[in-house]
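Single-structure report; data block below.
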Amino acid sequence: MPPASLSDTRRWYARIAPIYDLVCRPLYARPRRAALRAMDLKSRDKVLEIGCGTGLNLPMISEAVGTTGRVLGIDATAEMLDRAEKRLDQFDCDNVALYDGDLMEPPYAALKGILRKHLDTAHPDVILCSYLFAIAPEYQDLFERAWQLLRPGGRFVIVDTQPFRGGWRWLNPLAVPIANWSGGGDVRRPTVDLLKSMPLTEIETFLGGSVFVARTRKLGKMRLLDDYLPFS
C-alpha cells in the first residue's frame, strides 16, 4: 500500500476528529499512562509532542512539568487541534501552546525559532511522538528531524501501533487492514526500530503486542549516524 500524502492524512483526520476521542481515549489509555511514566517528566522540563492530535496527553504532561515547565503540541490537522484547544481550556493548561503545522515544513532554522518562541529553547528536554510514525509520510525523515531537535541527555518516547505478537498473531489478517484503514496509515512499518537499535532503549508492549511504548535517552552529543539507523 503506497504511503498516504500529508494532504490525504489531513483530510482523513479532519473527518474522524469528532469521534477520535470516543474511540481512542479508552482503547489506548494504558499505553498513554505508560508513555507518561517513560517520559520521566520533571518540574521545569520543556516538552515537545509531535502529532498531539486532540490533546489527550497534554493535560497530564502539563501537570507533570508544573508552572515552570513548558509544553508545545504540534499537529498538522486543524480540526484535531481545535479539540485540543478546547481540552486545554477545560483543564486550564496555561503552560501549553499549540502549533498548527507539519514538523517537516519549516526550514530547520525557522523550526528552532518556533520552539524558542513557545518553549524558551530550541532543544526540548523530552519529545513524545504518540501514534504518529505509522501514519506520517516520510516517517524516517520526520524522526531524524525530531531527534536533531532533542537536547543531549534528553528523552525520546514513541507510542505506536504494530501487528499483534505471540499468541495474538492469528488476528493480524483481519486486524491489520482494519487498523490501517481506521488510522489512515500502515501499522506494518517497523516504527519500533526507530529507537530499538539505540543504546538504553526500553520497550513495553500492550494489547497483545499491538501497541508499544519505546523510550531512549540521547547520549551526550550523539547524532543520527548510520550505526544507529536501521533504515540507512
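Go through segment 82-99 and give me each residue that's charged (D, E, K, R), open to solvent by 90 Å² or more (accessible area, probe 1.4 Å) and either in contact (Cβ under 8 Å) with a residue 24 or more places away in the chain or part of a strand (DSSP E or B) (or both). Answer for segment 82-99, where residues must be charged (D, E, K, R), open to solvent by 90 Å² or more (accessible area, probe 1.4 Å) and either in contact (Cβ under 8 Å) with a residue 24 or more places away in the chain or part of a strand (DSSP E or B) (or both): Arg83, Glu85, Asp94. Asn180 satisfies every condition listed in (1) part of a helix (DSSP H, G or I); (2) surrounded by fewer than 17 Cβ atoms within 10 Å (Cβ to Cβ) except (2).
Go through segment 110-147 residue by residue and tally those that are assigned to a loop (DSSP other than H, G, I, E, B) and open to solvent by less than 50 Å² (accessible area, probe 1.4 Å).
11
When you check Ser7 against the structure, is it closer than 24 Å to Leu111 by Cα, free of Cβ contacts under 8 Å to residues at least 12 places away in the same chain and part of a helix (DSSP H, G or I), yes or no? Yes, satisfied.
Here the condition is being open to solvent by 20 Å² or more (accessible area, probe 1.4 Å) and without any contact (Cβ under 8 Å) to a residue 24 or more places away in the chain; of Ala76, Ala29, it holds for Ala29 alone.
Within segment 41-53, does at least one residue satisfy the condition of being farther than 15 Å from Cys129 by Cβ, open to solvent by 20 Å² or more (accessible area, probe 1.4 Å) and out of contact with any helix residue (DSSP H, G or I) (no Cβ under 9 Å at 6 or more places or on another chain)? Taking every residue of segment 41-53 in turn, none turns out to be farther than 15 Å from Cys129 by Cβ, open to solvent by 20 Å² or more (accessible area, probe 1.4 Å) and out of contact with any helix residue (DSSP H, G or I) (no Cβ under 9 Å at 6 or more places or on another chain). Of the residues making up segment 148-169, just one is in a loop (DSSP other than H, G, I, E, B) and under 14 Å from the mean Cα position of the chain (by Cα), namely Leu150.
Go through the residues of segment 190-204 one by one and say whether even a single one is under 21 Å from Asp125 (Cα atoms) and basic (Lys, Arg). Yes, some residue in segment 190-204 is under 21 Å from Asp125 (Cα atoms) and basic (Lys, Arg).
The rows are residues; the columns are (1) among the hydroxyl-bearing types (Ser, Thr, Tyr); (2) modelled with pLDDT under 95.
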residue: Ile61; (1), (2): no, no
residue: Val71; (1), (2): no, no
residue: Asp75; (1), (2): no, no
residue: Ala78; (1), (2): no, no
residue: Asp82; (1), (2): no, no
residue: Tyr99; (1), (2): yes, no
residue: Pro106; (1), (2): no, yes
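What do you reckon, is Pro107 more than 12 Å from Leu72 (Cα to Cα), touching a residue at least 40 places away in the same chain (Cβ under 8 Å) and open to solvent by 40 Å² or more (accessible area, probe 1.4 Å)? No.
The values are calculated or read from the model by the stated rules, or taken from the named source; none is laboratory data. Since we're looking at a predicted model, the values are computed, not measured. FYI the Cβ positions are ideal-geometry reconstructions off the backbone, even for glycines, and counts take in every protein chain you see. Calculation scope for accessible area: heavy atoms of the full protein, side chains included, ligands and nucleic acids excluded. Shrake-Rupley method; radii C 1.70, N 1.55, O 1.52, S 1.80 Å.
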